[in-house]
Amino acid sequence: MDKLVVHGGSTLRGAINISGSKNASLPILAAALLTEEDCIIRRVPDVSDTNYMIQIISALGADVERSSGTVRITCADIMDEAPYELVRRMRASVCVMGPLLARKGRCVVSLPGGCVIGDRPIDLHLRGFEALGAKIEFEGGNITLTAPDGLRGAEIDLRGTHGPTVLGTDNVMMAATLAEGITVIESAAAEPEVLDLANFLNSMGAKITGAGTRRIVIEGVKKLHGVEHTVIPDRIEAGTFMAAAALAGEGVTLHRVCRDHMKAITAAIELSGHRVEFNESGCSCTIHRGDVLQGVEITTAPYAGYPTDMQAQMTALLATTPGISVIKDTIFPQRFMHCAELKRMGADIKVDNGTAVVRGVAQLSAAPVMASDLRASAALVLAALTAKGSTEISRLYHIDRGYEHIDEKLLMLGANVERVKDR
Ligand code: EPZ
């Protein structure tokens with residue numbers, strides 16, 4: 001296992017490229033199961049989660065080739081049972097359900113286990129599949145979905161206790177592409193990653209309208225064909241580096257971003273006193289550290305609201321921002337594992353009932369800390385950049401799940417970091 005040693009105090013300068021989106025790539029890789037023809041997907045980030053998804057679809061029988069960010073997938077003949085050993089490693093494996101059910105009329109996938117960021121049921125996914133006519137059985141920790149006569153279009157409301165579901169919308173949308181008739185998804189997730197998947201499916205010959213809004217209409221087709229597609233930029237990776245630049249940078253530039261996808265993140269960083277300057281096309285931005293900083297109030301929400309996947313990183317930024325900040329996570333109310341570790345570094349944070357109250361301190365101090373999940377680990381790296389001394393962040397595998405070569409990118413910006421073996 002690796003750990004990251006961050007020697008605090010360096011000023012970040014220069015420019016980096018943001019990678020393709022992990023959360024768009026995962027369902028798009030699974031969607032290749034819907035056709036027997038070649039799918040070529042570009043800008044797939046080299047992170048453990050995309051590697052897991054590639055292992056799962058290979059285990060299902062797909063022929064996969066990968067060279068740097070381009071993945072070619074051919075699913076000429078596939079099986080309908082995903083191996084537990086692979087599925088248990090990543091929640092997003094549930095994305096294979098929709099394509100397998102639609103293409104094979106049956107799928108067996110293990111029920112996802114617990115998750116440190118909070119309760120993550122898949123009842124909404126199953127509600128959608130049942131409405132499309134699938135029969136659902138549970139046995140031995142597995143779910144078996146069957147629709148021997150194929151799926152039929154239906155009206156489905158995917159509203160949950162915490163709002164719409166991203167992967168649930170993806171899964172039902174993928175299943176409905178080959179269903180008989182029209183499917184309408186109400187209370188759909190409208191994340192840019194959902195729209196990117198719909199664009200991918202439509203280029204395969206699907207008939208989807210309304211993706212990117214709360215109401216998606218899918219007219220089923222008999223067959224889908226091969227496609228070439230380039231994945232959208234990773235707005236969460238971009239947001240993470242935007243926060244790093246606000247914390248420790250001087251005119252850091254991020255290339256290959258998408259301004260429109262980052263409005264809520266940019267607004268929060270600017271509200272705390274920094275300035276984000278996008279170029280005309282909105283594909284690059286430069287972050288200018290502010291002189292007069294202030295605490296802010298943030299409440300996470302489904303897109304286009306403030307993303308829960310940027311909550312931890314913003315907490316780290318606000319830990320040394322003068323004033324009081326209040327951060328409420330409405331999507332994953334328990335997603336505050338990073339706060340205990342930030343407090344070990346001297347942060348003043350009180351967490352209660354899904355809300356963190358942060359009183360900004362002048363500077364954090366280095367301490368050995370432990371990553372608990374993907375975004376929490378990013379928050380610890382950000383905090384360590386300006387902390388006094390050298391911080392050791394263990395369980396680095398969490399950050400490798402979703403950040404492509406983060407240590408190399410930080411080094412390119414002049415941070416003093418080193419990846420070392422954790423004895
Ligand atoms: C996606 O997860 C992302 N993952 C998550 O990012 C992200 O945090 C989340 O959306 C919310 O934006 C990927 O895209 C691979 P949800 P997903 O279903 O789809 C509840 C990261 O850091 N819910 O939209 O699994 C659920 O408990 C990851 O990159 C139900 O109640 O999340 C949560 O409170 C972490 N029943 C809320 O809905 C269901 O059937 C939103 O979850 C499904 C979800």
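Here are some notes:
- Once you reduce segment 8-39 and segment 370-408 to the center of their Cα atoms, the two points are 19 Å from each other.
- Normalised by 2.2 N^0.38 Å, where N counts its residues, the alpha-carbon radius of gyration of segment 203-268 equals 1.62.
- Across segment 240-334, Cα-Cα pairs farther apart than 18 Å form 42% of the total.
- The mean sequence separation of alpha-carbon pairs under 8 Å and at least six residues apart, normalised by the residue count of segment 207-293, gives a relative contact order of 26 percent.
- For segment 66-124: accessible area per residue (Å², 1.4 Å): 43
- Angle of helix 166-176 to the longest C-alpha principal axis of the chain, folded into 0 to 90 degrees and rounded to 10: 20°.
- Over 26 Å apart at the Cα level, from the set Lys22/Lys222; Lys207/Lys263; Lys343/Lys388, are Lys22/Lys222; Lys207/Lys263.
- Note: relative contact order over the chain, using C-alpha pairs below 8 Å and six or more positions apart, is 21 percent.
- Stokes-Einstein, applied to the Kirkwood radius of segment 1-141 over Cα pairs at a viscosity of 0.890 mPa s and 25 °C, places its translational diffusion at 146 µm² s⁻¹.
- To the nearest ten degrees, helix 48-59 and the longest principal axis of the Cα atoms of the chain are 20 degrees apart.
- C-alpha center-to-center spacing [segment 101-142, segment 59-92] in angstrom: 18
- Annotation: Asp291 carries an accessible surface of approximately 150 Å², with a 1.4 Å probe and no ligand, DNA or RNA atoms counted.
- Surface analysis of segment 338-407 yields an accessible area of 37 Å² per residue, using protein heavy atoms and a 1.4 Å probe.
- The chain: C-alpha pair distances exceeding 29 Å, %: 44
- Formal net charge of residues neighbouring Leu12 (Cβ-Cβ distance under 12 Å; K, R +1; D, E -1): +2
- Hydrodynamic analysis of segment 142-253 uses the Kirkwood radius over alpha carbon pairs. Inserted into Stokes-Einstein at 20 °C and 1.002 mPa s, it gives a translational diffusion coefficient of 136 µm²/s.
- Per-atom-type breakdown for the chain gives carbon and sulfur 49% of the accessible area (1.4 Å probe, protein chains only).
- Of all aspartates and glutamates in the structure, the ones whose alpha carbon falls short of 12 Å from that of Lys3, not counting any fewer than 8 places away in one chain, are Glu392, Asp400, Asp407, Glu418, Asp422.
- Ellipticity estimate at 222 nm from DSSP helix runs (n ≥ 4, -39,500 (n - 2.57)) divided over the chain, nearest 500: -8500 deg cm²/dmol
- Summarising the strand pairing of the chain, around 75 percent of its internal DSSP beta bridges are antiparallel.
- DSSP-defined antiparallel bridges as percent of all bridges, segment 321-423, nearest 5: 75
- The overall shape of segment 136-184, judged from the alpha-carbon gyration tensor, is oblate: a/c is not under 1.5, and a/b is no greater than b/c.
- Candidates Ala384, Ala243, Ala301: whichever shows maximal mean-square fluctuation once the chain is modelled as a Gaussian network with Cα springs under 10 Å: Ala301
- For segment 85-181, the pair-distance distribution built from all alpha carbon pairs, in bins 10 Å wide starting at 0, is 16, 52, 28, 3 percent.
- Applied to segment 212-221, the Karplus parametrisation 6.51 cos²θ - 1.76 cosθ + 1.60 on θ = phi - 60° returns per-residue 3J(HN,Hα) values of x, 10, 7, 10, 10, 10, 10, 9, x, 10 Hz, with x for Gly and Pro.
- Ratio of the Cα radius of gyration of segment 303-392 to 2.2 N^0.38 Å, where N counts its residues: 0.99
- Among Leu364, Leu293, Leu12: highest mean-square fluctuation, GNM of the chain, C-alpha pairs under 10 Å: Leu293
- Given a 1.4 Å probe and the protein chains as shown, Thr161 ends up with an accessible area of around 140 Å².
- Note on segment 279-325: Cα-only Rg and Dmax are 13.0, 35 Å.
- Taking other residues whose beta carbon is less than 11 angstrom from the beta carbon of Ile117, and scoring Lys, Arg as +1 and Asp, Glu as -1, yields 0.
- Neighbour net charge for Ala188 - beta-carbon separation under 15 angstrom, K R +1, D E -1: -3
- Surface listing: Lys104, Lys388 arranged by accessible area from highest to lowest gives Lys388, Lys104, probe 1.4 Å.
The values are calculated or read from the model by the stated rules, or taken from the named source; none is laboratory data. Because the structure is a prediction, the values reported are computed rather than measured. Cβ atoms come from the backbone with ideal geometry, glycine included; neighbour counts cover every protein chain shown. Keep in mind that these areas ignore ligands, DNA and RNA; they rest on the heavy atoms of the full protein, side chains included. Shrake-Rupley method; radii C 1.70, N 1.55, O 1.52, S 1.80 Å.
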